[in-house]
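These notes concern the structure reproduced below.
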Amino acid sequence: MKQLSAHKSKSKGVSYAKWGYIFIAPFFITYAIFTLFPQMLTIYNSFFENYRSGLKQVGPNFVGLENYITLFTPDKNGTIDILKYAGNTVVLWIGGAIPQIVIALLLAIFFTSYRLKIRGQQFFKTVIYMPNLIMASAFSMLFYTLFSPVGPVNQALLEWGVLEASFDFFAHKVSVRGMIMLMNFLLWFGNTTILLMAGIMGIEQDLFDAAQIDGANSVKVFFKVTLPLLMPILVYTIITAMIGGLQMFDVPQVLTNGGGTPNRTSMTLIMFLNNYLKTSKNYGMAGAISVIIFIITGILSLVVYRSLTKQDN
């Protein structure tokens, strides 16, 4: 009788396990419709010839790996465009990401220091984060206006006697890349600082106190306590910054009017992809470029993750 009553009471109980699946179902449904399915469609299109020539629609015709072979075929000058643009993208990302991570880390340590007890932290956090709220295209237009031949920067340099004639910042590889790197740094270092501050504030204060009692100076505390415990957040920050860097588009697109000037030295992979979609609606080549970007992103993310976490293995 006891077993029968226990069985009945168990059968009448409410199973809450199914509610967990119900609550997470909207995310997976949304992901499948708006992310997974387009990704699969992109891979599928990369094996087809499908573009518009004037008013004529060519394809879709199955061509296998021909789109990929075309991408890696050198032009008449012996240049493989996709490798050149991949190199441009990596250089532009590194130039903006390294200062971003370093300065954000220093600021995060500075603002979370219990010893310094910085006042007005909320104000500084707001000011640091504000550039992240500005649209990248608007930021690019601002820099284009500032550094144009008749812009304020040239006028100031002329008045101060630094220059004898206006300098065309957009005709030189170093200056154009420098502006793109600076803009990417200014746009994202505030967001990175907030993330790293949250990570540092999650570390137990007792660990810092114990290290100081043992005689460790600030440098040793950083490398022996802060950095190891902050590593998961730091790895996440670097990988997300890298993914964003490989998808860099709006800043160089607006600044160079889509041309990647000078001599395509600031042309990125996404700008290269956009040219196929904008000019001929070439979904086959655009799909192949997207797949290559996905592969590059996956490989680099794995390399970064393994490099920064190998000490934990």
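The values are calculated or read from the model by the stated rules, or taken from the named source; none is laboratory data. Since the structure is predicted, the reported quantities are computational estimates derived from the model, not experimental observations. Neighbour counts run over all protein chains shown; Cβ positions are idealised from the backbone, glycine included.
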Q.
Pull out all pairs, ordered by first then second residue, where Cβ-Cβ is under 8 Å, the residues are six or more apart or on different chains, the first lies in the range 224-253 and is assigned by TED's automatic domain parsing to the domain that holds ILE203 and assigned to a helix (DSSP H, G or I), and the second is at pLDDT below 90 and of a type in the set (Asp, Glu).
A. MET231/ASP312
(Q) Where the second residue is β-branched (Val, Ile, Thr) and the first is assigned to a loop (DSSP other than H, G, I, E, B) and lies in the range 194-210, which pairs have Cβ atoms under 8 Å and are six or more apart or on separate chains? (A) ILE203/VAL225; ILE203/THR226
Q: Kindly list the number of the only condition in (1) under 18 Å from ILE103 (Cα atoms); (2) buried (at least 18 other Cβ atoms within 10 Å of the Cβ) that fails for ASP250.
A: (1)
Q.
I need the full set of residues from the range 222-237 which are in contact with a Phe, Trp or Tyr (Cβ under 9 Å, 6 or more places away or on another chain) and buried (at least 20 other Cβ atoms within 10 Å of the Cβ), in order please.
A. THR226
(Q) Looking only at the range 54-76, count every residue that is farther than 22 Å from PHE272 by Cβ and under 28 Å from the mean Cα position of the chain (by Cα) and tell me the total. (A) 0
(Q) Considering only the range 28-35, I want to know if a residue exists there that is assigned to a helix (DSSP H, G or I), in contact with a Gly (Cβ under 8 Å, 6 or more places away or on another chain) and at pLDDT 90 or above. (A) no
Q. Could you list, in sequence order, the residues of the range 101-125 that are closer than 23 Å to ASN217 by Cβ and part of a loop (DSSP other than H, G, I, E, B)?
A. THR112, SER113, TYR114, ARG115, LEU116, LYS117, ILE118
Q: Consider VAL162 carefully, then state whether it is part of a loop (DSSP other than H, G, I, E, B) and either of a type outside the set (S, T, N, Q) or at pLDDT below 90 (or both).
A: yes
